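**Student:** Let me begin by handing over the structure; questions about it come next.
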Amino acid sequence: MTTPPDAPPDAFDFAARLATIPEEPGVYIMKNRAGKVVYVGKSVNLKARVRSYFTGGDPRPFVQRLPKILSEIETIVTRNGKEALLLENTLIKAHKPRYNVMLRDDKNYMSLRIDTRKDWPRVEVTRGIKRDGSKHFGPYHSATAVRRTLNVLNKHFLLRTCPDYVLNNRSRPCLQYQIKRCPAPCVFELDKADYEEHVREAIMFLEGRSSQLLDKLELRMLLAAEDLQFELAAHYRDQIDAIKTSMEAQQAVTPNATDQDIIGHYREADRVAVHLLVIRRGKMEGANAWAFKDQEFPDEELLSSFLNQYYGHGASIPHEVILPVELEDADALQDILSERRGTRVSLHCPVRGKKLELLELAQRNAKAAFVGQSDAGERTADLLDKLQAALGLTNHPDRIECFDISNFQGDPIVGSMAVFEGGEPASKEYRTFKVKTVTGQDDFASMYEVLQRRLERSLHDDWPRPDLLVIDGGKGQLSQAIAVATDLGIHDLDIVALAKSRPQSDGRSDAIERSLERVFLPGRKNPLILRQNSAELFLLQRIRDEAHRFAITYHRKLRRRKTLHSNLDEIPGVGPGRKKALLDHFGSLDAIRDATVAELTRAPGISDTLAREVYAFFNSELALDDSPSEG
């Protein structure tokens, strides 16, 4: 086999590389001409899988481009397909390849957690599921579902809601006790057996064993009424009504009590939507959808990678996963999921019956999600086209970065960078800068330093260069940005400045109006006034406001640290040595402020008396900070 005859002279020599690839299980890593990983895959036979991309019979455009964009295919041999699956997931997280399915991390999956090992367990919201011996329930795919469940638990099951450090340091009951939602174990001596029964009932509710729980509660209600304990009977009645209402909100979709995840997908060319139906104990509890682009690899690879990442990110694993296609590595994936769950998990591709009906429902939802995402994508693409035309940009503004400078009465000057990709905020790309070389309130010089540091990173490091640079300000700030680009030899970067509206008078009356927002462009004397309420102006305002918000937040954080550092000096008995001991032990000033008395005493040189002084000092400060403002 040879390189295709129409390939350019410097095309990747596939035949030479294929000769060295083993016929063993493992992972293959595709790199482009810049040495960046663009795709990670796995197979039980590396040579056969890699060969399939270069046989010449695959019509997919991406596969046709592979010889032109690749510089290397690296392989890592594993002992079996299971190890290959685990390694693939690790490498995808590390390299974030362009053409792989990428899922958000586990902090997006909310669960409820009860740690029954504690003396007075409580229900708390957590992100992801950790195998730490506590009980987890979920995942919940929306904050609304979590709030609804917590509201029932807090109102009717009488468990504490406060964290441990509050429980251990409270001297009088809080409002939750006053409104009869907590028995106040922080203050009063309670019958531990009664509290543990409340915990067991809460677990029954969260596990979906509502019928059994209702039988218990109805019996208690009748007994309380017979004993003339009408207030207690009313409590049980309300608890029963709340549980029944919760049960009515769930739709039974299967006759058995099996936990299932149903995976549907819909594809058009390289764009794919995946839809997941969550069924627990035979009832539909939620759904979620994802949209991916640049996915020209086979559906089997995409779904295998999706499942490996999804269940590795903290989502609860059901007894059964229903799939639209058979997976080559199904056995290895089943073993991994079974180990994570602790019981056997099966992957099934149905051809008839109730499971096929559920799969078809998930497939229809996937198509609907695809259409919805496509409409949103087309609107965004149209908006970015309009912005490019309105501002006369050379580049299509796929990645927009906006910079703002914040200073306050001699405090450290800071800069912020907000990033929009595809017309939407890319919050993980946001950055802050502490201005180091400027003294005094010189916004122009500060802007020059921040932009210089940012653009130098795109020349020497792996930071992507923006398609459009937006500066919060007017002509002066724009000139600084242009000077930075010129000094660094960057001549193909679009730069604009967005000036806020300002008060103005017509000189003939006392009425004060505000000017329109203005866009300053290089080489143009007068600013450009975009149509008010236009989508293009709204997009620029959004990213400008994001940069401003981010700068202010960072500035406040620095001022708070400075104030907290000064406050340490004000505590009697805390000199330089003990201040250093506290900082070394806790690692940050915020951690000292949040520490309990017991935690403070663990720092070297901090006695119980001094720990109480430090705790009392910061808690009194917090009480003042958190008090509502008058009026």
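The values are calculated or read from the model by the stated rules, or taken from the named source; none is laboratory data. Because the structure is predicted, anything quoted here is derived from the model rather than measured. Note: ideal-geometry Cβ built from the backbone for every residue, glycine included; neighbour counts use all protein chains shown.
**Student:** Under 9 Å between Cβ atoms, at least 6 apart or on separate chains: pull out the pairs that start in the stretch 28-53 with a residue that is in the same structural domain as Pro67 (by TED's automatic domain parsing) and on the phi > 0 side of the Ramachandran plot and end on any residue that is of a type in the set (S, T, N, Q) and in a loop (DSSP other than H, G, I, E, B).
**Tutor:** Partner pairs satisfying both residue conditions: none exist.
**Student:** If Val371 satisfies every condition in (1) out of contact with any Cys (no Cβ under 9 Å at 6 or more places or on another chain); (2) surrounded by 15 or more Cβ atoms within 10 Å (Cβ to Cβ); (3) among the β-branched types (Val, Ile, Thr) but one, which is the exception?
**Tutor:** (2)
Table: residues versus (1) under 21 Å from Arg556 (Cα atoms); (2) in the same structural domain as Asp404 (by TED's automatic domain parsing); (3) among the aromatic types (Phe, Trp, Tyr); (4) in contact with a Cys (Cβ under 9 Å, 6 or more places away or on another chain).
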residue	(1), (2), (3), (4)
Thr439	yes, yes, no, no
Met447	yes, yes, no, no
Ser458	no, yes, no, no
Asp467	no, yes, no, no
Asp472	yes, yes, no, yes
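**Student:** Now for a separate question. Which of (1) farther than 30 Å from Ser338 by Cβ; (2) aliphatic (A, V, I, L, M); (3) at pLDDT 85 or above; (4) not in a loop (DSSP other than H, G, I, E, B) is the odd one out, the single condition Ile21 does not satisfy?
**Tutor:** Going through (1) farther than 30 Å from Ser338 by Cβ; (2) aliphatic (A, V, I, L, M); (3) at pLDDT 85 or above; (4) not in a loop (DSSP other than H, G, I, E, B) one by one, Ile21 breaks only (4).
**Student:** Would you call Glu339 surrounded by fewer than 21 Cβ atoms within 10 Å (Cβ to Cβ) and without any contact (Cβ under 8 Å) to a residue 12 or more places away in the chain?
**Tutor:** Yes; evaluated as a whole, the condition is true for this residue.
**Student:** Given the criterion touching a Pro at 6+ places or on another chain (Cβ under 8 Å) and either in a helix (DSSP H, G or I) or not assigned by TED's automatic domain parsing to the domain that holds Ser52 (or both), identify the matching residue among Leu333, Leu277, Leu337, Leu359.
**Tutor:** Selected residue: Leu359, the only one of Leu333, Leu277, Leu337, Leu359 that is touching a Pro at 6+ places or on another chain (Cβ under 8 Å) and either in a helix (DSSP H, G or I) or not assigned by TED's automatic domain parsing to the domain that holds Ser52 (or both).
**Student:** Sticking with this one: Is it the case that the stretch 287-305 has a residue that's of a type in the set (D, E, K, R) and part of a strand (DSSP E or B)?
**Tutor:** No, the conditions are met nowhere in the stretch 287-305.
**Student:** While we're here: Check Leu469 against each of (1) in a helix (DSSP H, G or I); (2) of a type in the set (A, V, I, L, M); (3) under 29 Å from the mean Cα position of the chain (by Cα) and name the one condition it does not meet.
**Tutor:** (1)
**Student:** Could you check how many residues of the stretch 112-168 are modelled with pLDDT of 75 or more and among the small types (Gly, Ala, Ser)?
**Tutor:** 1
**Student:** Of everything in the stretch 577-611 that's among the aliphatic types (A, V, I, L, M) and within 15 Å of Tyr165 (Cα to Cα), which residue is farthest from the chain's Cα centre (by Cα)?
**Tutor:** Ala611
**Student:** When only residues in the stretch 307-330 that are touching a Cys at 6+ places or on another chain (Cβ under 9 Å), not charged (D, E, K, R) and not in a helix (DSSP H, G or I) count, which is nearest to Gly26 (Cα to Cα)?
**Tutor:** Only one residue tops the list, namely Leu327.
**Student:** Only one of these conditions is not met by Phe188: (1) modelled with pLDDT of 80 or more; (2) in contact with a Gly (Cβ under 8 Å, 6 or more places away or on another chain); (3) over 28 Å from Ile592 (Cα atoms); (4) not aliphatic (A, V, I, L, M). Which number is it?
**Tutor:** Every condition holds for Phe188 apart from (2).
**Student:** Then there's this: Return the pairs, sorted by first residue and then second, in which the second residue is not in a loop (DSSP other than H, G, I, E, B) and not basic (Lys, Arg), the first residue lies in the stretch 521-546 and is surrounded by fewer than 13 Cβ atoms within 10 Å (Cβ to Cβ), the beta carbons are less than 7 Å apart, and the residues are 6+ apart or on different chains.
**Tutor:** From the stretch 521-546, the pairs are Arg531/Leu537.
**Student:** Show me the helices (runs of 4 or more DSSP H) entirely contained within the stretch 159-253 in which 1 or more residues are touching a residue at least 60 places away in the same chain (Cβ under 8 Å) and surrounded by fewer than 17 Cβ atoms within 10 Å (Cβ to Cβ).
**Tutor:** The helices (runs of 4 or more DSSP H) meeting that bar are 164-167, 192-206, 230-248.
**Student:** With respect to Arg379, is the statement that it is exposed (fewer than 14 other Cβ atoms within 10 Å of the Cβ), modelled with pLDDT of 85 or more and of a type in the set (Lys, Arg) true?
**Tutor:** Answer is no for this residue.
**Student:** When you go through Ala315, Ala269, Ala273 one by one, which is the residue that is surrounded by 21 or more Cβ atoms within 10 Å (Cβ to Cβ), under 26 Å from Ser43 (Cα atoms) and at pLDDT below 80?
**Tutor:** It is Ala315.
**Student:** Something else: Please state which of the following conditions Ser566 fails to meet, knowing it meets all the rest: (1) surrounded by 13 or more Cβ atoms within 10 Å (Cβ to Cβ); (2) at pLDDT below 75; (3) within 30 Å of Pro412 (Cβ to Cβ).
**Tutor:** Just one mismatch for Ser566, condition (1).
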